[in-house]
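Trainee: After the structure tokens below, expect a handful of questions from me.
The values are calculated or read from the model by the stated rules, or taken from the named source; none is laboratory data. Keep in mind it's a predicted model, so treat the numbers as computed, not measured. A quick note on method: Cβ atoms are made from the backbone with ideal geometry, for glycine too, and the neighbour counts reach across all protein chains shown. Note: accessible area is taken over every heavy atom of the protein model, side chains too, but ligands, DNA and RNA are not part of it. Shrake-Rupley method; radii C 1.70, N 1.55, O 1.52, S 1.80 Å.
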Amino acid sequence: MKKKIYLTICFIIGLQLNLNAQNVTQSKVEINKVLCKKWVPDYALMGGMRINQLPNNIAFELEFNSDNSYFVIKEKKKQKGKWSQNTSKKYIELAINNKITSRITKISETEFILVLVSDGKNDPPGLPSMEIHFKN
């Protein structure tokens, strides 16, 4: 019985977090003003656990441009991608080689939250969700 109550509470909390998770509501002009600069990772959340120091193998920066392009900068190498705002779902999608890799679900002048997107085909069971909090 306790297990059912626990699972119900976890489900409700998860549902509430999911409903509030995507709230990029700024206009295209406002997004350009806020997003188009260089951003660095501050910390990550993986399965609810905070990771303050990102390992060197995933350390990178993001640089956004007003022409809807962006660069992933890692060890002085740049990989180009495209970003687009999905106003109906209230997030910003990031794609490389026409494959969506992540979404920005919340953004302000000083920080944003990036959620990694997977197709799920090669993911091991129970893989925790990961979000990276960026600052400029």
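Trainee: Can you give the accessible area per residue of segment 55-96, in Å², using a 1.4 Å probe?
Mentor: Working: 2590 Å² over 42 residues.
With all protein chains present, segment 55-96 gives 62 Å² per residue.
Trainee: So if I place +1 on the C-beta of Lys and Arg and -1 on the C-beta of Asp and Glu, and nothing else carries charge, what would the dipole magnitude of segment 22-71 be about its Cα centre? I want it in debye, nearest 20.
Mentor: Numbers: 5 positive and 5 negative charges, 21 e Å.
With only Lys, Arg, Asp and Glu charged at Cβ, the dipole is about 100 debye.
Trainee: Which whole-number percentage describes the relative contact order of segment 43-112, with Cα contacts under 8 Å and a sequence gap of 6 or more? Working shown, then result.
Mentor: Working: 92 pairs, mean separation 10.2, N = 70.
Worked out over segment 43-112, it gives 15 percent.
Trainee: Give the aspartates and glutamates reachable from LYS82 as a straight Cα distance under 17 Å; neighbours fewer than 8 places away on the same chain don't count.
Mentor: Once the sequence-local aspartates and glutamates are set aside, what remains near LYS82 is GLU61, GLU63, ASP67, GLU93.
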